[in-house]
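Worksheet: one structure, shown below.
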Number of protein chains: 2
Amino acid sequence: MLTDMYQITMVFAYWKQKRHEDRAIFELFFRKTPFKGEFAIMAGVDEVLKYIAHFRFTEEELTYLRKQIPHAEEDFFVWLGNLDCSAVKVYALPDGTTCFGKEPLIRVEGPLAIGQLLETTLLNLINYPSLIATNAARHRLAVGPDKVLFEFGLRRAQGPDGAMSAAKYSYLGGFDGTSNVLAGHLLGITISGTHAHAYVQSYVSLDNLQTPFLNGQNLVEKALAYRSALGFSESNLGEFAAFVAYAQSWPDNFLCLVDTYDTLNSGVPNFLSVALALHDLGYAPLGVRLDSGDLAYLSKRIRAWFTEVATTHARPSFATLRIVASNDINEDVLYALSKQGHSIDTFGVGTHLVTCQAQPALGCVYKLVEIDGQPRIKLSNEVEKVTLPSRKNLYRFFNEAGVALVDYMDKDGEAAPKPGQRLLCRHPFDSKKRAYVTPATIVPLLKLVWDGRAGGIQPGALRTLEESRAHVLGQLKGIREDVLRHINPTPYKVSVSEELHALLHQLWEMNAPVGQL
Amino acid sequence: MLTDMYQITMVFAYWKQKRHEDRAIFELFFRKTPFKGEFAIMAGVDEVLKYIAHFRFTEEELTYLRKQIPHAEEDFFVWLGNLDCSAVKVYALPDGTTCFGKEPLIRVEGPLAIGQLLETTLLNLINYPSLIATNAARHRLAVGPDKVLFEFGLRRAQGPDGAMSAAKYSYLGGFDGTSNVLAGHLLGITISGTHAHAYVQSYVSLDNLQTPFLNGQNLVEKALAYRSALGFSESNLGEFAAFVAYAQSWPDNFLCLVDTYDTLNSGVPNFLSVALALHDLGYAPLGVRLDSGDLAYLSKRIRAWFTEVATTHARPSFATLRIVASNDINEDVLYALSKQGHSIDTFGVGTHLVTCQAQPALGCVYKLVEIDGQPRIKLSNEVEKVTLPSRKNLYRFFNEAGVALVDYMDKDGEAAPKPGQRLLCRHPFDSKKRAYVTPATIVPLLKLVWDGRAGGIQPGALRTLEESRAHVLGQLKGIREDVLRHINPTPYKVSVSEELHALLHQLWEMNAPVGQL
């Protein structure tokens, strides 16, 4: 029922015309890679499979539909009530696969009516997951493999489920964890979190502390002594009390948000005072979090301070105290920070990651490419919107170094391309663009993931989140760096076989009326 | 559990410090109105109330949390397991209320720990609904009251639930319906839909038709005769067949997508041929849908054509055939179309509406403003990020014509402002900006919606979607047009009382350390 009304409307027309069992092939694809980039990461196949396996109209839903289509025969609803995906086959790129414009990400084969009914839900289940996985992968490329990336976007996500998807698919795309407790619970992703400004604000003075002690030692006295010795007399005492209380509750996870009142004049001084005292008691403080201000400047100042204290107070571990940053971070900010230099170890990325602010929707579409064995085309005044007809195979050609050269689609029934064979790869629309390619290895990308007549979900089709995440990293290694580049990347070539090219242009001419001016 | 880990972390610290029962007041607000506009529409209170009413940790969730905080005492989890919102009071602006930056949209009063635990979820439940309701209201303002607006964004929404929220809250903001069947089913919103390109593509020729007849009359023959008489010999016959089949299945809802092959050379000619034949059989065809091309130009050309056929074929009703448009429409496009002139009756708005492409996140925050009767402040290097301390009342002042003059916040305990009284309204941060206002009427905006000690959800707090939708329209009438304007709107003034102003600046000085350069 999570579908557009026009699917029901169309399916009723198919049924009336007795065309609902016609054998149809649909392909799901996007035309343009997101974020002004030249690659995307496939994600959402796991949810698609669960949806297909449970596809059914309930009696209650049929009652609603009967009211929406009062002129329809009861037989239609009986048929609808018995509909499932047993006659359907689904091919898909595995979650985590690098993909490009115009390529079939999913191919649905089966009766026309059911193929049509799956459209909207499949689009919904692929569009956002693939977008967020791509966004996450881009953030990972921006910081390199060593920095820690956490998803912090729950509060700004587009709905509760948008937040869950964000946590899941940003992890798939290369993040290390999330702040979302439910995502941790249900998906097993690492969760993390310390405290908010409200926590600091809730402490007005040292009087708010229940006790000055930790493990029988006077933490407050020690910390106050450091505060005084270091000349931090201006630091806010409410914040100081909050940090002491936090150290008493989380002595092994002492990481403080330092910008509630003033990062350099209060937050960091208070943190260092308490951290030194806590260290005296045998604990290893973790670090600080910055949530406002100039992150490059502040992080470098703080790192210099930590390094100085490490020396002056003979605490080598203080030099590597963790600096976490989390204020309005996005891909551009990460590159800018890298360029300027910073001392941040961990980034918490919220709004920009989860809502994909730079491009909040991936434009996947779902088009009929074949019916009853006849290839079909959809034309448009915009050339880029013309669809590629017929059931297609999709291959990735690699050179001997394991780097992808080009993706290649051919028509069903053509002889499969072979490694070492010289193949003409054509641009689908621009007949002048073509190249001979001799691939060292060839990887067919579409896998059969669902066969309703042979056990439903196919073995190996349902990958774990960890497997898909590892797949992303492996996939990105096979793509040229200039294709992955942040700004003005080199377009990756998606080509078609000579035969497919011919069919496309033949159908195009056949179906387009000659205009009259 | 749909919360950030740091809420749990903080709450554990509060509990350890025996501060979890401290009486705290939190306020939820945004700083800046979205979409470069000067107003927003409040939405999501209904979901907030359901969430608060059911707030509980399950045993299974506690088991997960035990593993996350292995050093916590079992007593903590026992306490957490018994936690609910019975000691909490919630005040909120009713769904559909016009609101502005810095105003408390929701005020939560109760024990510190539970107030803290509600933060993330409340933000999630208000941010996106309010954003989409605002976006929808802006689209409604762009087209005026007479055009029909449908939400078509399910396939591009950020997750299944993002799509449901989009359908619901765009309706609240002034849309007329949705394509989303589940939203229709669960929320009672009008649904609509005809057919897709795939439907047209699935027909290759007239041979695909089961029968040429409708009600015993040869529809194909009649339609072909019109096609020939009107000189439409170039139109695509597969598309022609698809329209005939659609007319046979949906004779009372005959609305065709006309851009599969060529709008003016094939789609509209085929539609007109079949529509005339269908009309001969006693049915009233509905119109066409455009999904690509220049919508202003095409709609005017089509309208002229419809008008011509209405005259030449003596079918007056054809002059007002419906023209639906649905290609990448957003607020800017709607204004541009209005300016240029068009003949579209109904707009289907998808991606831009549901993902709020122009600004995909509303920046609501949730801040502690008072603890144990002491007002609290959060400072920041950015003045706009400084919070307004203390429990506040929020009023809207109107002139005698019922137009809003200014919003006004005062400190709890001040004498309530009275109509006819001259009041000094101050800008919270800029001490030079102030004005005397003598309101004709005063409306207090925050309503008690939840009182855990007095029956939970308060009478009248849970409004129906229809009530909230009507509220939006009423609210917008009370706001000056230049505040609602699309581009460069006049800022609406949000002011504070003299006392609140004094408190803010006193706390600011008290908490900010004096910097040293």
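One line per residue, one yes/no per condition, for (1) touching a helix residue (DSSP H, G or I) at 6+ places or on another chain (Cβ under 6 Å); (2) acidic (Asp, Glu); (3) in contact (Cβ under 8 Å) with a residue 60 or more places away in the chain:
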residue	(1), (2), (3)
A:Phe254	yes, no, no
A:Ser273	yes, no, no
A:Val288	yes, no, no
A:Asp291	no, yes, yes
A:Glu308	no, yes, no
A:Thr312	no, no, no
A:Tyr335	yes, no, yes
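Apart from one condition, B:Gly452 fits all of (1) within 20 Å of B:Gly144 (Cβ to Cβ); (2) touching a residue at least 40 places away in the same chain (Cβ under 8 Å); (3) of a type outside the set (S, T, N, Q); (4) touching a Ser or Thr at 6+ places or on another chain (Cβ under 6 Å); the exception is (1). Determine if the range B:63-73 includes at least one residue that is modelled with pLDDT under 95, within 11 Å of another protein chain (Cβ to nearest Cβ), touching a strand residue (DSSP E or B) at 6+ places or on another chain (Cβ under 9 Å) and open to solvent by 30 Å² or more (accessible area, probe 1.4 Å). Within the range B:63-73 (the criterion being modelled with pLDDT under 95, within 11 Å of another protein chain (Cβ to nearest Cβ), touching a strand residue (DSSP E or B) at 6+ places or on another chain (Cβ under 9 Å) and open to solvent by 30 Å² or more (accessible area, probe 1.4 Å)), the answer is yes, since at least one residue qualifies. Taking the conditions exactly as written (surrounded by 18 or more Cβ atoms within 10 Å (Cβ to Cβ) and out of contact with any strand residue (DSSP E or B) (no Cβ under 8 Å at 6 or more places or on another chain)), does B:Asn511 satisfy them or not? When the stated conditions are applied, B:Asn511 passes them. Taken over the range B:425-449, the criterion of being free of Cβ contacts under 8 Å to residues at least 24 places away in the same chain and hydroxyl-bearing (Ser, Thr, Tyr) is satisfied by B:Tyr436, B:Thr438. Just one of the listed residues (A:Phe429, A:Phe398) is among the hydrophobic types (A, V, I, L, M, F, W, C), open to solvent by less than 70 Å² (accessible area, probe 1.4 Å) and under 23 Å from A:Leu507 (Cβ atoms), namely A:Phe429. Out of B:Arg107, B:Arg155, one residue alone is among the basic types (Lys, Arg) and under 27 Å from B:Ile8 (Cα atoms). It is B:Arg107. Being at the interface with another protein chain (Cβ under 7 Å from one of its Cβ atoms) and open to solvent by 10 Å² or more (accessible area, probe 1.4 Å) is the filter; apply it to the range A:146-168 and report the residue that is nearest to the chain's Cα centre (by Cα). Among them, the one singled out is A:Ser165. For the range A:35-50, the condition holds for at least one residue, the condition being that it is open to solvent by 40 Å² or more (accessible area, probe 1.4 Å) and either small (Gly, Ala, Ser) or closer than 18 Å to A:Leu125 by Cα (or both). Mind checking which residues of the range A:74-122 are basic (Lys, Arg) and open to solvent by 10 Å² or more (accessible area, probe 1.4 Å)? Answer for the range A:74-122, where residues must be basic (Lys, Arg) and open to solvent by 10 Å² or more (accessible area, probe 1.4 Å): A:Lys89, A:Lys102. Scanning the range B:28-62 for residues that are hydrophobic (A, V, I, L, M, F, W, C) and out of contact with any strand residue (DSSP E or B) (no Cβ under 8 Å at 6 or more places or on another chain) gives B:Phe35, B:Ala43, B:Phe55, B:Phe57, B:Leu62.
Answer with yes or no whether A:Leu264 is open to solvent by 10 Å² or more (accessible area, probe 1.4 Å), closer than 22 Å to B:Lys385 by Cα and of a type in the set (A, V, I, L, M). The answer is yes for A:Leu264. Look at the range B:119-138 and say how many of its residues are within 10 Å of A:Ala157 (Cα to Cα) and hydrophobic (A, V, I, L, M, F, W, C). Selection size over the range B:119-138: 2. For the range B:112-132, filtering for residues that are among the aromatic types (Phe, Trp, Tyr) and closer than 18 Å to B:Val88 by Cα leaves 0. Residue count for the range A:180-209 under the criterion of being more than 20 Å from A:Leu272 (Cα to Cα), in contact (Cβ under 8 Å) with a residue 40 or more places away in the chain and facing chain B (nearest Cβ under 9 Å): the result is 2. Checked against (1) under 27 Å from the mean Cα position of the chain (by Cα); (2) farther than 25 Å from A:Asp176 by Cα; (3) of a type outside the set (A, V, I, L, M, F, W, C), A:Thr312 passes all but condition (1).
Taking B:Arg289 as the residue in question, decide whether it is charged (D, E, K, R) and within 20 Å of B:Phe152 (Cβ to Cβ). Judged against the criteria, B:Arg289 is a match. Please specify each residue of the range A:350-360 satisfying the condition of being at the interface with chain B (Cβ under 7 Å from one of its Cβ atoms), touching a residue at least 40 places away in the same chain (Cβ under 8 Å) and open to solvent by 10 Å² or more (accessible area, probe 1.4 Å). Matches in the range A:350-360: A:Thr351 only.
Just one of the listed residues (A:Glu370, A:Glu384, A:Glu400) is in contact (Cβ under 8 Å) with a residue 24 or more places away in the chain and in a strand (DSSP E or B), namely A:Glu370. Do we find that A:Phe175 is open to solvent by less than 30 Å² (accessible area, probe 1.4 Å) and assigned to a loop (DSSP other than H, G, I, E, B) in this structure? Judged against the criteria, A:Phe175 is a match. Of everything in the range B:1-16 that is surrounded by fewer than 23 Cβ atoms within 10 Å (Cβ to Cβ) and outside any helix (DSSP H, G or I), the residue that is modelled with the lowest pLDDT is B:Met1.
Number of residues in the range A:1-29 that are closer than 14 Å to A:Thr120 by Cα and more than 11 Å from chain B (Cβ to nearest Cβ) equals 1. A:Gln374 satisfies every condition listed in (1) surrounded by fewer than 21 Cβ atoms within 10 Å (Cβ to Cβ); (2) within 27 Å of the chain's Cα centre (by Cα) except (2). Under the condition of being buried (at least 20 other Cβ atoms within 10 Å of the Cβ), part of a loop (DSSP other than H, G, I, E, B) and over 18 Å from the mean Cα position of the chain (by Cα), the residues counted in the range A:179-209 number 7. Residue-level analysis places A:Gly452 outside the set of residues that are on the phi > 0 side of the Ramachandran plot and small (Gly, Ala, Ser).
The values are calculated or read from the model by the stated rules, or taken from the named source; none is laboratory data. Owing to the predicted nature of the structure, the values given are computational and were not obtained by experimental measurement. Virtual Cβ from ideal backbone geometry, glycine too; neighbours counted across all protein chains shown. In case anyone asks, the SASA skips ligands and DNA or RNA and just uses the protein heavy atoms, side chains included. Shrake-Rupley method; radii C 1.70, N 1.55, O 1.52, S 1.80 Å.
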